[in-house]
Amino acid sequence: MRDEAALGTRSLVRIALFAALIGALGLVPPLYLPIVAGLPISVQSLGVMLAGLILGGRDGALAVALFLLVVALGAPLLSGGRGGLGVFFGPTAGFLLGFLLGVYVIGWLAPRLPGPPVVAAFAAAVIGGIGVVYLFGVPGFALIAHLPLSKALAGSVVFLPGDLVKALLAALAARSLARARPGR
Amino acid sequence: MAGGARAQRESGEAGGIALRDVWLDRGDAPLFRGLDLTLGERRIGLVGANGSGKSSLLRLINGLIVPARGEITVAGLDARAHRRDLPGRVGFVFQNVDHQILFPTVREEVAFGLAEQGLPRAEARAGAERLLAAHGCAGWGERAVEELSEGQKQLVCILAAIAPGPPILAMDEPLASLDLATRLSLLARLRALPQQILMASHDLDLLADFDRIVWLEAGAVAGDGPPREVLPRYRAHEMARAATAAGVLP
Amino acid sequence: MMSSYLPGHSPLHRLPAGAKLLALAGLSLLLLPADSALLLAGALLAVLLAYAALGRRALARLALLRPLGPVLLLMVLLQAWAGDWSRAAVGAGFAVALRILLMVLLADLVTLSTPMQDMMDALERVLRPFERFGVAPRKLALAVALVVRFVPVLLSAWRAREEAWRARSTRRPALALVPGFLAQTLRLADHVADALDARGFGRPADRPSPSDKRTMP
């Protein structure tokens, strides 16, 4: 019963609901990894990577942009219940911007990379979700904090291991979803 | 085609729905194969098992889907040529409130249909407030949808559907997830509405005083007439089917 | 409803949203070259007084800034490291941290005193001239409303999943919940798109319709 004409509405709603999903994931308590007991994973950034893998580049980036807009308008949806314009004046504002482009890159790369889908998804999540995000986040941090780039980078690498785990989890979750909704 | 003009005469301008030789596929399998129906009564109940075509029929009438073949006339309009105008003629209410309330506040939700008709936002909001007040919900406008009870949410859905003033209300099991008292009170409100109502339901008691029942079975009309004739036959048929299935879900 | 807005009638509340946003942009430019820690500390004190004037609930919001603490501290340390731990470097580090804190607090002050709808209206006004380039403020407003409406719906859907997990397992809910939740969200999106279509949103005219869209039936 799907029809072509409804596509505009359908992708608009998907974008909005994925933005809402990223927001809802910011309000749930962090999940704990079964492998490394006690390492909490904020599910929100997982949702951001998944936006690219599931909605594709353009719609994924639009979902993240919409999410950030709603946060800017005052909805307290960033992990830990933060929201409002203040978020965009903090030292990590560059990372928020990086997410936008990063998600686009994830969605663009994932179907184009060779290899099994889950490996391609992981690689795309690493390149877009970590590479591109840091490409904006680190200089942004350096600029806001008046730091030389090398020091800003040194301050950011502590998050690298956690981000790598998230990229892997996002790839695995996207694969499970593909199994749960075959042919979509 | 002459069928369309004839249907238009039969159903009249104010309301009324006519389907002539309607064919519709669902997935790869055909559902309706030349369905003919003229629906003019004030309150019509649709019964039938899941998948029998009740939802598809309602969707055709609102223009959510278009038939592969055949003619549908709704409130004097050809459903294919006037697909864009049908939402203004046919309000649609779904079962699950969380699938259909689109806005965080009651006023925005009710005003949306009016704004879609081309009214400026301020006028749409004022119209929503008037409608709420007329239905005993004055002061609801500012309320967050999340704070409403399930029954209140469904009432908001109904008001949002009738806000643009459609002559017809298509409802897909609108009361199924509500408790009995809420069902009865919403049903009483529905009775008082001027709209022609087409309601799919699994709760046969709710349909007992409707003007007409249409029983669909695999895309075809299996029974059609007043509730006291159709409902007992439908009930007996379903109980026999459950018995032969012998505990296996159909 | 879900928002950082604090209802009130302070002078700050009465200012139009556009004026507050412009003032915020102006202040952020003004503060950019400021590097005197003393001046910045004074400004910070003034902003804190503004929070106090808004009442206890506004002050309570400051607790939400706690996660910012470690990042700011890290910044001061990195700054000091970059300057070989000289006194001047530490001072400069503090000035930067103060300025960031000040900007965050100022921006949150706007959020605190402006309802979301006013903020959205201001945004729509800014976007209107871009309509001819394909930006649709009406669609954007709808998308924002959908997000605000469906965050609580999805949150309770997630909690229901957690509960179903706990009913059958003694382990803590894990990432196994995520794929099912994603599938549920996409299904929900299909339903919501249907509801939107049923109400005539963006329905294409298969053929040009002779009747005027504006006439009420």
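Read the figures in this text as sums done on the coordinates, not as results from a lab. Every value quoted in this text rests on a predicted model; they were computed, and no experiment measured them. Because the Cβ atoms are built from the backbone with ideal geometry, glycine has one as well, and the counts that use them run over all protein chains shown.
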Task: Amide H contacts of B:T105 (H built 1.01 Å from N, under 5 Å, at least 5 apart or other chain) - done: B:V145
Task: Within chain C: Cβ-based charge dipole about Cα centre, in debye rounded to nearest 20 (Lys, Arg +1; Asp, Glu -1) - done: 540 debye
Task: Cα long-axis angle, helix B:150-162 against chain B (0 to 90 degrees, to the nearest 10) - done: 90 degrees
- [ ] Using only atoms on other chains, find how many Cβ atoms lie within 10 Å of each Cβ of peptide B:86-95 and report the average.
- [x] 4
Open item on the list: Could you derive backbone 3J(HN,Hα) for segment B:227-238 from the dihedral phi with the Karplus parameters 6.51, -1.76 and 1.60 (θ = phi - 60°), listing whole Hz in sequence and x where the residue is Gly or Pro?
Closed with: x, 5, 8, 7, 4, x, 5, 5, 4, 4, 4, 5
Task: Estimated dipole of the protein assembly as shown in Debye, rounded to 20 [Cβ of Lys and Arg +1, of Asp and Glu -1, Cα centre] - done: 860 debye
TODO: Please report the relative contact order for chain A, taking Cα pairs under 8 Å with a sequence separation of at least 6, and give it as a percent rounded to a whole number.
DONE: 20 percent
TODO: Could you go through segment B:190-196 in sequence order and give the Karplus-derived ³J(HN,Hα) for each residue, using 6.51 cos²θ - 1.76 cosθ + 1.60 with θ = phi - 60°, rounded to whole Hz, and x for Gly and Pro?
DONE: 4, 4, 7, 6, x, 5, 6
TODO: Quick one: compute the contact order of segment B:1-157, relative version, from alpha carbon pairs under 8 angstrom and 6+ residues apart, as a percent.
DONE: 19 percent
Open item on the list: If you take every residue apart from C:A107 with its C-beta less than 13 Å away from the C-beta of C:A107, what net charge results, scoring Lys and Arg +1 and Asp and Glu -1?
Closed with: +3
Open item on the list: Give me a comma-separated list of calculated 3J(HN,Hα) values for segment C:3-20, in order, Karplus coefficients 6.51, -1.76, 1.60 applied at θ = phi - 60°, integers in Hz, x for any Gly or Pro.
Closed with: 6, 8, 5, 10, x, x, 10, 5, x, 5, 5, 7, 5, x, 4, x, 5, 5
- [ ] Specify the angular offset, from 0 to 90 degrees and rounded to the nearest 10, of the alpha carbon long axis of helix C:87-113 from the longest principal axis of the alpha carbons in chain C.
- [x] 40 degrees
TODO: Determine the alpha carbon to alpha carbon distance for each of A:K166/C:K139; B:K153/C:K139; A:K151/C:K20 and list only those over 29 Å.
DONE: A:K166/C:K139; A:K151/C:K20
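Within chain A, which DSSP H helices have Cα atoms that stretch 15 Å or more along the helix axis and a mean Kyte-Doolittle hydropathy of at least 0.0? Walk me through the intermediate numbers first.
On the way: long enough: A:7-27 (30 Å, 1.63); A:43-55 (17 Å, 2.05); A:57-72 (22 Å, 1.81); A:93-109 (24 Å, 2.09); A:133-145 (17 Å, 2.00); A:160-180 (30 Å, 0.97).
For chain A, where a helix must reach 15 Å along its axis and average at least 0.0, the hits are A:7-27, A:43-55, A:57-72, A:93-109, A:133-145, A:160-180.
Which whole-number percentage describes the relative contact order of chain C, with Cα contacts under 8 Å and a sequence gap of 6 or more? Walk me through the numbers on the way to the answer.
Details: 104 pairs, mean separation 52.2, N = 217.
Relative contact order comes out at 24 percent.
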Task: B:D224 long-range amide H proximity, modeled H, under 5 Å - done: B:W215
TODO: For segment B:183-212 and segment C:151-200, write down the distance between their C-alpha centroids in whole Å.
DONE: 31 Å
Task: Other-chain or far-sequence residues with amide H under 5 Å of B:D25's (modelled H) - done: B:L31, B:A68
- [ ] Could you let me know the centre-to-centre spacing of segment B:16-71 and segment A:60-104, using Cα atoms, in angstrom?
- [x] 45 Å
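So, counting K/R as plus one and D/E as minus one, what does the shell of residues with Cβ under 11 Å around B:A161 add up to?
Every neighbour counted, the sum reads 0.
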Task: On Cα atoms only, tilt of B:2-11 relative to the major axis of chain B in degrees - done: 60 degrees
